[in-house]
Each structure stands twice: as C-alpha cells, then as structure tokens.
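Let me begin by presenting the structure, written as structure tokens, before commenting on it.
Each reported figure results from applying straightforward, stated rules to the coordinates on display, with no laboratory input. Please read all numbers here as calculations on a predicted model, not as lab measurements. Note: ideal-geometry Cβ built from the backbone for every residue, glycine included; neighbour counts use all protein chains shown.
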Amino acid sequence: MKICQIVNPLVSTNRISGLEHKHLQVVRDGSALLVAVDSVGCVPGDWVICVGSSAAREAAGSKEYPSDFTIVGIIDYWPPEGDAAEEGER
C-alpha cells in the first residue's frame, strides 16, 4: 500500500470495455504522477491509500480488471512528512 495525494480527475472518453464506468484520478506519489482507479469517490487534495498489482485489480471489482493502481481509502487525518517533523518540535 502507498499513501498518495489526489491531484485531479482524469477524463478519458475512449476506453476499453472494462474501464467504461470507472472514475480515474491523477495521484502524486512523491514526485511521480500516476493514474489510479477511484473506487471510493475522492476529490483533489485528499490523501488516499492506494494498492497495486493483483490487489488493485480485485479492489477495482475483478481480478480480470485492467488496473495496476487503485484507491482503496480516504485518509481522515495524516500529517505529511514535513508537518510531522514540525509537530515533533512543538
């Protein structure tokens, strides 16, 4: 599992048949941008938990689903790394 932040939705109108009704989000994983299937309904700015590989396909709805990165949870509270260091100084 990885912690990522939602950057913005990704709109793609021409898709293979298995991706027709799935929402896609651009997520930031450190400095990299990735596309993830949104199975929980998040919005830009949310911190989320993502899974990859076969767990991503199953979380998206089926082991045959063509996803290698799926959002499985919205984090209610998590201080980003820079904020955690500042809180320790207080």
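Taking the dipole about the Cα centre of the chain, with the C-beta of Lys and Arg at +1 and of Asp and Glu at -1, give me whichever of Gly73, Leu24, Val40 is farthest to the positive side.
The residue sitting most towards the positive pole is Leu24.
Enumerate the residues in the stretch 34-65 having an amide nitrogen under 16 Å from the point lying 7 Å beyond the Cα of Tyr77 toward its Cβ.
Only 47 fall inside the zone, counting backbone N under 16 Å.
Which residue fluctuates most in the GNM of the chain (Cα springs below 10 Å): Gly52, Gly61, Gly73?
Sorting by GNM fluctuation, first place goes to Gly61.
Specify the residue with the greatest mean-square fluctuation among Pro66, Pro79, Pro44, computed from a Gaussian network of the chain linking alpha-carbon atoms under 10 Å apart.
Between Pro66, Pro79, Pro44, it is Pro79 that shows the largest mean-square fluctuation.
Please rank Glu81, Glu58, fewest neighbouring Cβ atoms within 10 Å first, as an exposure proxy.
Working: Glu81 9, Glu58 16.
So the residues, fewest neighbours to most, are Glu81, Glu58.
Please report, in debye to the nearest 20, how large the charge dipole of the stretch 1-80 is about its Cα centre when each Lys and Arg carries +1 at its beta carbon and each Asp and Glu carries -1 there.
Details: 6 positive and 8 negative charges, 25 e Å.
For this selection, approximately 120 debye.
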